[in-house]
1. Please arrange M1, M149 by counting, for each residue, the other beta carbons lying within 10 Å of its beta carbon, fewest first.
2. Could you identify which residue out of Y130, Y81, Y179 has the top mean-square fluctuation in a GNM of the chain using Cα springs shorter than 10 Å?
3. Exposed loop sites here are GluC sites (Glu not before Pro) in DSSP loop states with at most 16 other C-beta atoms within 10 Å. What is the longest stretch of the chain lacking them?
4. Which of the chymotrypsin sites (Phe, Trp or Tyr not before Pro) found in the range 1-64 are in a DSSP loop and have at most 15 neighbouring Cβ atoms, other than their own, within 10 Å?
5. For the range 34-104 and the range 172-191, compute the distance between their C-alpha centroids and round to whole Å.
6. Given K163/K217; K54/K97; K54/K137, which pairs have Cα atoms separated by over 27 Å?
7. Which whole-Hz couplings ³J(HN,Hα) result when phi for each residue of the range 200-217 is put into the Karplus expression 6.51 cos²θ - 1.76 cosθ + 1.60, θ = phi - 60°, listed in order with x for Gly and Pro?
8. As an exercise, use a Förster radius of 30 Å and the Cβ-Cβ distance of M149 and K67 to find the FRET efficiency, rounded to the nearest 0.05.
Amino acid sequence: MLPNDTRIEIENIVAGIILEGRTDHCATIRNSLCNRYETSRVVKAAFESNAIIKKEQAGLIEAYCDKHSFWFKNLPGEDRYLTRGGESKVYLANDDKHVVKLNDAVYYATWLEYINSILLHNILFTNTSYRLLGFVKQDNTLFAVVEQMFIVADALAELDDIKKFLEFNEFANIRRNDYANKRLGLILEDMHDENVLVSSETLFFIDSVFYTVAPEKT
């Protein structure tokens, strides 16, 4: 079950409320975008009509990076490249203890959706939390650069175990590997054995895609 303070923090993100007292870059950028744009209430809708908004938000993020020297300049070399997921290029960090992921937010209609997804992941999956290192531009495309603990799996994640864990945390299976917490207004997609690893009998959610929707009234 979700603690009450966790629930309140999620509700604030879903509602587009400014996160008070947060000074990290991720929350700061999110708060700045929330001052100008509404938080999404639909899942993967209106990608084309939101293209202009996403471009505007990218411009604001680039301006933030210019002002706060938040362009990331120390990407691992190609000899550290591991794989490319659906939305990320993944590198082994130079310390061999983390992975560095480049994400262009292709799964999200806006950059605000992506930033919210990172924050939600960090709230719910603390053992694989992301640290936003900065941004880069490659071939005129903006990428977020995030760091995450490198997990070495020693077993295959069972879908039933993933389901039980998420149901304990108030997420219901809505179709295949997708889940929803309708009360909080969250959709969580693609929770299968490539995005969830097992190490020492512990589940590690390494890749998540959260969307915010209108919470169900109770």
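Here, each number is a calculation from the coordinates, and none is a lab measurement. All of these numbers come straight from a predicted model, not from anything done at the bench. Here the Cβ is made from the backbone with ideal geometry for all residues, glycine too, and neighbour counts use every protein chain on show.
1. Values: M1 8, M149 15.
Lowest count first: M1, M149.
2. It is Y81.
3. Working: sites that count: E20, E38, E48, E87, E158, E170, E194, E201, E216.
In short, 88-157.
4. F47
5. Measuring centre to centre over Cα atoms gives 23 Å.
6. On the way: K163/K217 24 Å; K54/K97 33 Å; K54/K137 15 Å.
Pairs exceeding 27 Å: K54/K97.
7. 6, 6, 10, 7, 10, 8, 8, 9, 9, 10, 9, 10, 9, 9, 5, x, 6, 7
8. The computed FRET efficiency comes out at 0.50.
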